[in-house]
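These notes concern the structure reproduced below.
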Amino acid sequence: MIKSIQVVLLFLFCSSLSAVEIGKSIPSCNRLDLSEYKNKVLLIDFWATWCPPCKQSMPFLNALRNELADKGFEIIAINVDEETEVAQHFLNNYPVDYPVVFDPKGHCPLAYDVKAMPSSYFVDKKGKIRYVHLGFRHQDELEIRTRVLELLKGEL
Amino acid sequence: MLWYVGIKRTCLVLFMLLSAVLQAGCSVAPWERGNLAKTQMLIVPNPNRTALRRHVFDSKESSQGGMGAAGGGCGCN
């Protein structure tokens, strides 16, 4: 009985243990294979179709990615819709040029300790997280662009 | 044997109390809010229909207000 209580308590408290810190390596996530993106600046973007700011950010992110792709920048989008078909239908209507990973079970957002939707993790060429951007408004576009350019120059 | 039953009961009560208190740990993660974001989960799922019905109600009753709207029963909307 006491053992089962201990297990329940451990389960309840262990959810707050996972966290992502600036300057640390990106956490491992079974849905995500980043081996082919070594020496690239990455923006790992968590999005869902039910999240209006996520959808608003996509044209901007796509344009930014296409503009800076030849300089070593790539976006990896992680869709967290529970129904992947809905996301695929959305992407058929509004395609993007960057790779999209589907994670309906939410393994990756748990590993990254996502605090808001959308969340963007800026990763430098060494694979370290340098900045986390929460939410999206059109006013944020300049800041996102500046951060990416800084990472490409190796300044951040 | 009785002492064992007593401890068992105490543990059960303690477990139930902790379960009630630790409900705050059962939060919905940001990426799990797909169902909460559905239109039917809104308090007012159809704002246009609600506004129309409210307007009809105001006109029929010759009164206005009581639902958070500004103004009185002047009928000047």
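Taken together, the values in this text are just the output of simple stated rules run on the coordinates, not laboratory data. Treat the numbers as computed from the prediction; the structure is a model and nothing was measured. In this analysis, Cβ positions are derived from the backbone assuming ideal geometry, glycine residues included, and neighbour counts consider all displayed protein chains.
Across the range A:52-58, coupling constants 3J(HN,Hα) worked out from phi with the 6.51/-1.76/1.60 Karplus curve, θ = phi - 60°, read x, x, 4, 5, 4, 6, 5 Hz, and Gly and Pro carry x.
Computed over chain A with a Gaussian network model linking Cα atoms closer than 10 Å, the most mobile of A:PHE60, A:PHE73, A:PHE102 is A:PHE60.
Over 22 Å apart at the Cα level, from the set A:LYS24/A:LYS105; A:LYS115/B:LYS38; A:LYS24/A:LYS153; A:LYS38/A:LYS71; A:LYS24/A:LYS115; A:LYS115/A:LYS153, are A:LYS24/A:LYS105; A:LYS115/A:LYS153.
Using the Cα gyration tensor of the range A:57-108, with a ≥ b ≥ c the square roots of its eigenvalues, what is the shape: rounded (a/c below 1.5), prolate (a/b larger than b/c) or oblate (neither)? Judged from the Cα gyration tensor, the range A:57-108 comes out oblate (a/c at least 1.5, b/c at or above a/b). Extension gain, A:GLU67 to A:GLN139: 0.36 nm times the residue separation minus the Cα-Cα distance gives 24.0 nm.
Between A:ILE144, A:ILE75, A:ILE22, find the one with the highest GNM mean-square fluctuation for chain A; connect C-alpha pairs within less than 10 Å. It is A:ILE22. The range A:108-145 and the range A:72-99 have Cα centres lying 16 Å from one another.
Just want the answer: with Cβ charges of +1 for Lys and Arg and -1 for Asp and Glu, which residue in A:VAL100, A:VAL80, A:PRO59 is farthest toward the dipole's positive end in the range A:59-114? Selected residue: A:PRO59. Placing pseudo-labels 7 Å out from each Cα toward the beta carbon at B:HIS55 and A:VAL101 gives an inter-label distance of 5.0 nm. Rounded to two decimals, the Cα-based Rg/Rh of the range A:9-156, with Kirkwood Rh, is 0.95. Just so you know, the averaged projected area of the alpha carbon convex hull for the range A:83-127 sits at 4.2 nm².
On the beta carbon distance between A:ASN30 and A:THR146, with R0 = 25 Å, the FRET formula returns roughly 0.15.
Rounded to the nearest 20 debye, the dipole magnitude of chain A is 540 debye, with +1 charges on Lys and Arg beta carbons, -1 on Asp and Glu beta carbons, and the Cα centre as origin.
Relative to its residue count, the range B:1-40 spans a Cα convex hull of 92 Å³ per residue. In this calculation the C-beta distance from B:LEU18 to A:GLU21 is compared with R0 = 41 Å, giving a FRET efficiency of 0.85. Anyone know which of A:SER35, A:SER57, A:SER25 comes out most mobile in the 10 Å Cα GNM of chain A? Result for chain A, Cα springs under 10 Å: A:SER35 fluctuates most.
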